[in-house]
Amino acid sequence: MTQSADLEDFLAALRDIVGRQACLTSADAMAPYLVEERRLFQGEAAAVVRPANTEEVSRVLALCSEHGVAVVPQGGNTGACGGGVPLSRRAIVLATERMDRIRAIDADNATITVEAGCILANLQAAAREAGFLFPLSLGGEGSCRIGGNLSTNAGGINVLHYGNARELMLGLEVVLPDGRVWNGLRGLRKDNTGYALKHLFVGAEGTLGVITAATLKLFPLPRDRQTAFVAVPSPQAAIELLAHARDVSGDSVTAFELLPRIGLDLGFKNMGGRDPLQQVYSWYALIELSSARPRGLREVFEEILEAGLESGMVLDAAIAETEEQRRELWRLREITAGGHQHQEGGLIKHDISVPVSAIPAMIERGTAAVLERLPGTRVIAFGHAGDGNLHFNLVQPVGHEAQAFFDLRDTMNRIVHDIVHELDGSISAEHGIGLLKIDEMTRYKTPLELELMHRIRQAIDPANIMNPGKVLPPLRSR
Ligand code: FAD
Ligand code: MLT
Ligand code: ZN
């Protein structure tokens with residue numbers, strides 16, 4: 001049989017499984033699934049399938065396995081590294097969007113079981129309605145889906161208190177590449193029965209199987225929440241303030257985001273907004289304290305800030321008095337992230353982590369090295385400093401040619417990532433590897449780490465149909 005005849009048979013069988021409506025093959029219908037958020041990668045595929053349930057996923061994977069067709073799982077397609085982009089006409093996108101049900105909430109166990117296609121914001125809302133907090137929270141939460149969050153081990157703004165997606169997960173249901181369903185949907189906080197298989201699929205970016213459902217931890221809803229926008233003299237002062245705030249508040253700091261003035265300025269310029277403080281400062285921390293107790297945090301926060309003012313860790317601060325003011329303060333974070341992404345020409349992004357104590361050194365050394373290579377480069381180092389995670393973004397100098405700046409990305413990546421490596425950090429803190437950072441894996445992971453990853457992949461997906469070409473670079477021959 002010719003390859004194209006085989007593909008036609010395959011597509012017919014695919015339609016039989018999911019139904020004609022849920023199997024897209026026209027260029028127009030497939031288009032949104034073939035590009036990613038930043039439009040850095042344009043993909044191609046034979047079809048986009050949108051299965052309705054685990055059984056359909058299982059039958060689709062068995063069929064793909066039989067025909068040697070690659071499977072690229074996709075959730076909300078908000079991923080930052082191109083992991084959800086299909087790379088060949090012998091690949092399908094498996095979109096989880098129709099699998100968005102809440103299967104169960106177990107209040108006494110404080111868990112929720114949801115299908116992989118559940119949008120993160122809907123999951124948070126379902127938890128809230130049941131009187132709980134599901135704390136994973138990030139900018140893309142209105143579109144990203146929990147299967148994608150788990151597959152990228154997403155971070156976001158509450159990690160320092162509640163952990164990454166991985167720490168919020170208790171059990172998974174996964175369809176393996178050959179179509180077998182592994183039901184690991186246990187809501188256990190203790191389970192030491194051998195290797196923790198579930199953790200292999202978290203952060204695997206779809207290279208080991210399709211996550212179809214998850215059992216997740218729930219937490220008490222915060223009844224007292226205090227938010228402040230705090231001017232600090234330096235990143236070093238911010239890190240000292242974090243330690244002080246954690247200590248004095250009894251570890252009630254649930255968010256600690258570092259914002260540089262330049263990021264804020266570009267945010268105001270391109271997205272609008274207003275500075276809550278009278279004067280201009282170089283650095284800010286957006287700090288949130290939360291507690292399940294109804295009151296008391298306001299006084300604690302004031303105590304922290306007063307001590308900070310006295311010791312020089314704090315220069316000025318605005319505390320939100322109302323929920324609306326709280327939202328305005330969080331908007332400062334949003335415009336710092338968004339204000340330089342599309343409007344200032346060439347952009348080279350980094351998502352790095354270092355030990356929290358090394359954040360000041362990372363900013364100082366990284367900025368100096370980048371400026372030495374190209375004076376005038378605008379360094380927007382912002383984000384989840386409480387987790388040691390910075391989005392170390394580089395914006396072209398004013399007046400520079402955008403493409404010429406973007407062409408420097410390998411050079412700039414090397415400069416930034418080498419410093420990260422020297423500081424014992426990670427070149428991908430929360431966004432993953434996907435296609436974007438695959439070459440960097442060879443440089444920054446040890447041969448042993450890469451070999452073990454390849455062995456795991458070979459054991460679970462010997463035919464290499466799950467999202468091939470992502471995450472793992474080819475093994476170097478020895
Ligand atoms: P997709 O983009 O669809 O897929 C991501 C990867 O997971 C791909 O490799 C895909 O193949 C795989 N995958 C998807 N679903 C499954 C499944 N069911 N089974 C197996 N593999 C699967 N990320 C953060 O971590 N922290 C942030 O603060 C943050 N902020 C963001 C802000 C904005 C404005 C945007 C647009 C994105 C942000 N992101 C952030 C990145 C992105 O939202 C996350 O990576 C998110 O977890 C991706 O989820 P998704 O459903 O969109 O996944
Ligand atoms: C953020 O924290 O705002 C995001 O992770 C940044 C990004 O998507 O680049
Ligand atoms: Zn982030």
Query raised in the report: Can you tell me which residues in the range 372-396 are within 12 Å of ligand 2 (Cβ to nearest atom) and of a type in the set (V, I, T)?
Result: I380
Requested in this report: Evaluate the following for V230: is it more than 23 Å from the chain's Cα centre (by Cα), within 23 Å of S353 (Cβ to Cβ) and open to solvent by less than 10 Å² (accessible area, probe 1.4 Å)?
Outcome: yes
Report task. Mind counting the residues in the range 415-432 that are within 15 Å of ligand 2 (Cβ to nearest atom) and in contact with a helix residue (DSSP H, G or I) (Cβ under 9 Å, 6 or more places away or on another chain)? Result -> 7
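Residues being more than 19 Å from A255 (Cα to Cα) and either within 16 Å of ligand 3 (Cβ to nearest atom) or in a helix (DSSP H, G or I) (or both): count how many of those fall in the range 299-333.
Residues of the range 299-333 more than 19 Å from A255 (Cα to Cα): 306-307, 309-312, 315.
In the following step, the residues that additionally are either within 16 Å of ligand 3 (Cβ to nearest atom) or in a helix (DSSP H, G or I) (or both) were identified as 306-307, 309-311.
Matching residues across the range 299-333 total 5.
Sort out which residues of the range 421-444 are over 26 Å from E36 (Cα atoms) and out of contact with any Ser or Thr (no Cβ under 7 Å at 6 or more places or on another chain), and write them in order of number.
Listed by number, the residues that qualify are H421, E422, L423, D424.
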Report summary line: S137 fails exactly one of (1) within 16 Å of ligand 3 (Cβ to nearest atom); (2) among the small types (G, A, S); (3) in contact (Cβ under 8 Å) with a residue 60 or more places away in the chain; (4) closer than 22 Å to H199 by Cα, namely (3)
**Report entry** Of residues in the range 334-393 being more than 15 Å from ligand 1 (Cβ to nearest atom) and charged (D, E, K, R), the one farthest from V230 (Cα to Cα)
**Finding:** R373
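Which of the residues belonging to the range 438-461 are open to solvent by 20 Å² or more (accessible area, probe 1.4 Å) and either within 12 Å of ligand 1 (Cβ to nearest atom) or in contact with a Pro (Cβ under 8 Å, 6 or more places away or on another chain) (or both)?
Kept after step one, since they are open to solvent by 20 Å² or more (accessible area, probe 1.4 Å), are these residues of the range 438-461: 438-440, 442-449, 451-460.
Residues satisfying the conditions are I438, D439, T442, I460.
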Requested in this report: Could you please tell me which pairs satisfy a Cβ distance under 6 Å, a separation of 6+ or placement on different chains, a first residue in the range 427-440 that is under 20 Å from I359 (Cα atoms), and a second residue that is among the basic types (K, R)?
Outcome: S428/K437
Requested in this report: Among residues belonging to the range 438-478 that are touching a His at 6+ places or on another chain (Cβ under 9 Å) and outside any loop (DSSP other than H, G, I, E, B), point out the one that is nearest to G209 (Cα to Cα).
Outcome: E440
**Report entry** Which numbered condition C81 misses (of (1) open to solvent by less than 20 Å² (accessible area, probe 1.4 Å); (2) away from ligand 2 (no atom under 16 Å from the Cβ))
**Finding:** (2)
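Look at A62 and say whether it is of a type in the set (A, V, I, L, M, F, W, C), in contact (Cβ under 8 Å) with a residue 24 or more places away in the chain and surrounded by fewer than 21 Cβ atoms within 10 Å (Cβ to Cβ).
On the way: of a type in the set (A, V, I, L, M, F, W, C): yes; in contact (Cβ under 8 Å) with a residue 24 or more places away in the chain: yes; surrounded by fewer than 21 Cβ atoms within 10 Å (Cβ to Cβ): yes.
Taking the combined requirement at face value, the residue satisfies it.
Scan the range 275-282 and tell me whether some residue there is touching a residue at least 24 places away in the same chain (Cβ under 8 Å) and not in a loop (DSSP other than H, G, I, E, B).
Filtering the range 275-282 down to residues touching a residue at least 24 places away in the same chain (Cβ under 8 Å) leaves 276-279, 281-282.
Going one step further and asking which of them are not in a loop (DSSP other than H, G, I, E, B), we end up with none.
No, the range 275-282 contains no residue that is touching a residue at least 24 places away in the same chain (Cβ under 8 Å) and not in a loop (DSSP other than H, G, I, E, B).
The values are calculated or read from the model by the stated rules, or taken from the named source; none is laboratory data. Everything numeric here is computed off the predicted structure, so don't read it as measured data. All Cβ positions, glycine included, derive from the backbone under ideal geometry; neighbour counts span all protein chains shown. Areas reflect the complete protein model, heavy atoms only, side chains present, ligands, DNA and RNA absent. Shrake-Rupley method; radii C 1.70, N 1.55, O 1.52, S 1.80 Å.
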